[in-house]
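This report concerns only the one structure given below.
The values are calculated or read from the model by the stated rules, or taken from the named source; none is laboratory data. Keep in mind it's a predicted model, so treat the numbers as computed, not measured. Cβ atoms come from the backbone with ideal geometry, glycine included; neighbour counts cover every protein chain shown.
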Amino acid sequence: MSGHPTLSVVIPVYNEEANLEELLKRTLDTCRSLGAVFEIILVDDGSRDRSAEMIDAAVKANPGEIIGILLNRNYGQHSAIFAGFGRAIGEVVVTLDADLQNPPEEIAKLYRKISEGLDVVAGVRVPRCDTSFRKVSSYIVNRITAKVTGVTMHDYGCMLRAYSHRVVHAMLQCNERSTFIPVLANTFARHTAEVEVSHAARTRGDSKYGLWKLINLQFDLLTGMTTFPLRLLTMIGLLISVFGGALGLFLLSMRLIHGPAWAAEGVFTLFAILFIFVGAQFIGMGLMGEYIGRIYKDVRARPRYLVYEVKGESRLKRHESHSSSLS
C-alpha cells in the first residue's frame, strides 16, 4: 500500500444539474492533488432534472475515478449517503453535499486530519452563510445532540465529514430506517476531531431543506438516538398532576371560605387549566406516535433504498488493502 490511505468521496445528488459540472471539476482537482488513489461516488437520489444524464457522462469521461449510483426514486439525503457507503472501498470515506456551499477543496483538510489515526473528523462551517432561522435552529439542535449523546460537536448539520472505513462498515450493520449519520457515526468512533471549513451561500439551484423537511429531520434526530423525550414527558405529566391536585385543593378551600360565588368567578381559569391538560395529552400522544411509527418502519424491514443502476467501476478494487471487519 502507498503512504496515502485510499479515499472514497460520497456525494448525494438531487436536482443539482446547475452545480454538477463545477462540483465535479473542483472535486476531481482536489482528489488528484492528494496523491492518493481515490473514487468519487455520485448517488442520484431520484433527480427529475438532467443530473442522472450528467453523472453518466462524467463516469464515461473519468473511468475509474467516478462511479454513478442511480436510485429508483427520492429516498432522502441520508439514505442516498448509505447507498454510497455500501459501494465505498476507500480507507477514508468523505461525504460532501452537491450544492457547493461546502467547497470541495476542503476535502484535503479533512483527509489529512483523519489520516492521523482518527475515526471521525467533522467539519465546522465558518463563517456560516445561512439564514438566521437556520443558524438558530442548528444551534439548538447541536446543543441538544451534544447533551444527549455525550459527544460535543459544534456543527452536527455539516455533512462535510470524514470517516474511517471501520466506522462506515459499522454503520452499514445498523438496521434502523430513520438514521442521522453524524450521530450514528459518533456511537462507533473512539477518536473524533473537528476542523473549520469554509461555507458559501448557495448561488445556483434551490435548497432541498425547507421548513417542513427541517422539522422532520429534527424529529428523526431526536427520536432516533434517545428515549429521553418519553422520560421527560413522564416527568412533565407528573408535575402537571401535582399542580392540578394542589390547585383543586386550593379551589375547594376558597369555595368553602368565600362561598360558591367565588368559585363561579373562576370558571374561565378552570377552562384554561383544562386546555393545558388536553394540550399535554396531545403532546404525549404525538411523541409516542413518533416512536411507534419508527418501530413500525423497522419491523417492516424494508430496504432503505433500491439501486436502479450502477455506472462505472472503481480503480480502488485493485488497491484495496484494508480489512472490512470491525476492530
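The table below gives the values:
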{"quantity": "Which numbered condition Gln101 fails, given (1) more than 22 Å from the chain's Cα centre (by Cα); (2) surrounded by fewer than 23 Cβ atoms within 10 Å (Cβ to Cβ); (3) polar (S, T, N, Q)", "calculated": "(1)"}
{"quantity": "Pick from the range 19-46, criterion of a type in the set (S, T, N, Q) and touching a Leu at 6+ places or on another chain (Cβ under 9 Å), ranking: nearest to Pro5 (Cα to Cα)", "calculated": "Thr27"}
{"quantity": "Breaking point among (1) surrounded by fewer than 16 Cβ atoms within 10 Å (Cβ to Cβ); (2) over 22 Å from Lys25 (Cβ atoms), for Asn62", "calculated": "(2)"}
{"quantity": "Single condition Thr95 does not satisfy, out of (1) hydroxyl-bearing (Ser, Thr, Tyr); (2) more than 17 Å from Asp29 (Cα to Cα); (3) touching a Lys or Arg at 6+ places or on another chain (Cβ under 8 Å)", "calculated": "(2)"}
{"quantity": "Hey, Ala108 modelled with pLDDT of 85 or more, more than 18 Å from Glu39 (Cβ to Cβ) and not in a loop (DSSP other than H, G, I, E, B) or not", "calculated": "no"}
{"quantity": "Residue identified as within 16 Å of Tyr305 (Cα to Cα) and either small (Gly, Ala, Ser) or in the same structural domain as His169 (by TED's automatic domain parsing) (or both) among Leu34, Leu70, Leu110", "calculated": "Leu70"}
{"quantity": "Which numbered condition Met171 misses (of (1) buried (at least 22 other Cβ atoms within 10 Å of the Cβ); (2) modelled with pLDDT of 80 or more; (3) more than 18 Å from Thr6 (Cα to Cα))", "calculated": "(1)"}
{"quantity": "Matching residues in the range 289-327 - criterion: being modelled with pLDDT under 50 and surrounded by 13 or more Cβ atoms within 10 Å (Cβ to Cβ)", "calculated": "His319, Glu320, His322"}
{"quantity": "The range 163-174 residues that are closer than 16 Å to Ala83 by Cβ, paired with ones that are surrounded by 20 or more Cβ atoms within 10 Å (Cβ to Cβ) and of a type in the set (Phe, Trp, Tyr) (beta carbon under 7 Å, 6 or more apart)", "calculated": "Val168/Phe85; Met171/Phe85; Leu172/Phe85"}
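This table checks each residue for (1) at pLDDT below 65; (2) loosely packed, with under 12 Cβ neighbours inside 10 Å; (3) not assigned by TED's automatic domain parsing to the domain that holds Met153.
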position: Asn175; (1), (2), (3): no, yes, no
position: Arg190; (1), (2), (3): no, yes, no
position: Val195; (1), (2), (3): no, no, no
position: Leu211; (1), (2), (3): yes, yes, no
position: Val242; (1), (2), (3): no, yes, yes
position: Phe250; (1), (2), (3): no, yes, yes
position: Ser253; (1), (2), (3): no, yes, yes
